[in-house]
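Structure first, then comments.
The values are calculated or read from the model by the stated rules, or taken from the named source; none is laboratory data. Because the structure is a prediction, the values reported are computed rather than measured. Please note: Cβ atoms are built from the backbone with ideal geometry, for glycine as well, and neighbour counts cover all protein chains shown. These area figures cover heavy atoms from the full protein model, side chains too; ligands, DNA and RNA do not enter into them. Shrake-Rupley method; radii C 1.70, N 1.55, O 1.52, S 1.80 Å.
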Amino acid sequence: MSRPQLAEARRVRAVELFGDGVSNAEIARAVGVCAESVRRWRRVWEEGGADALRRRAATGRPPKLDDAQAETVRVALERGAQVHGFEADLWTLERVGIVVERVTGVSLSRASVWRLLTGRLGWSLQRPERRAVERDESEIARWIAHEWPRIKKGR
């Protein structure tokens, strides 16, 4: 359950308890908030009913990409960076911005690309391991087991 959904569930539970005549302090303990929040909720509930405590749609500027466009971007990104003409199969904010513009015609700032990836698509930051391609794990293990103790004794 997301944080806004959890907050709304608490308020809905409080409304049920208001109807049962439970005190503010008991409601606060039951739903895990401070008594001041319950007093504020009760005032809002008395003035506007249970609907006044429901979650409202977010205000502010609407996103540049609608849900269908965001889904189109997700599908395009899941195909991989090389499919879109990039040399390595690694996504950067700049590369994602280029793909977004190609598939939707909408130009996004780096910050907007980040919000799209993390907020709407649920992606997270992943960094590739910095490791030499020539790295030989068995040779490293052999060196640690045989050479390192010999070197350490010399101290």
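Things to note:
- For R61, net neighbour charge (Lys/Arg +1, Asp/Glu -1) across residues whose Cβ lies under 15 Å away: +2
- Using the Cβ-Cβ distance between A88 and R56 with R0 set to 35 Å, the FRET efficiency from 1/(1 + (r/R0)^6) comes to roughly 0.20.
- Packing, as the average of other Cβ atoms within 10 Å across residues, places the peptides 24-33, 43-52 in the order 24-33, 43-52, highest first.
- In the full protein context, the chain carries 74 Å² of accessible surface per residue, based on a 1.4 Å probe and ignoring ligands, DNA and RNA.
- Percent carbon-and-sulfur accessible area, the chain, ignoring ligands, DNA and RNA, probe 1.4 Å: 51 percent
- Mean ellipticity per residue at 222 nm, deg cm²/dmol - from DSSP H runs of n ≥ 4 across the chain, formula -39500 (n - 2.57): -15500 deg cm²/dmol
- Hydrophobic long helices, here whole DSSP H runs in the chain with Kyte-Doolittle means of at least -0.5 and Cα atoms spread over 20 Å or more along the helix axis, are found at 3-19.
- Three-way shape label, the chain, alpha-carbon gyration tensor, a/c 1.5: oblate
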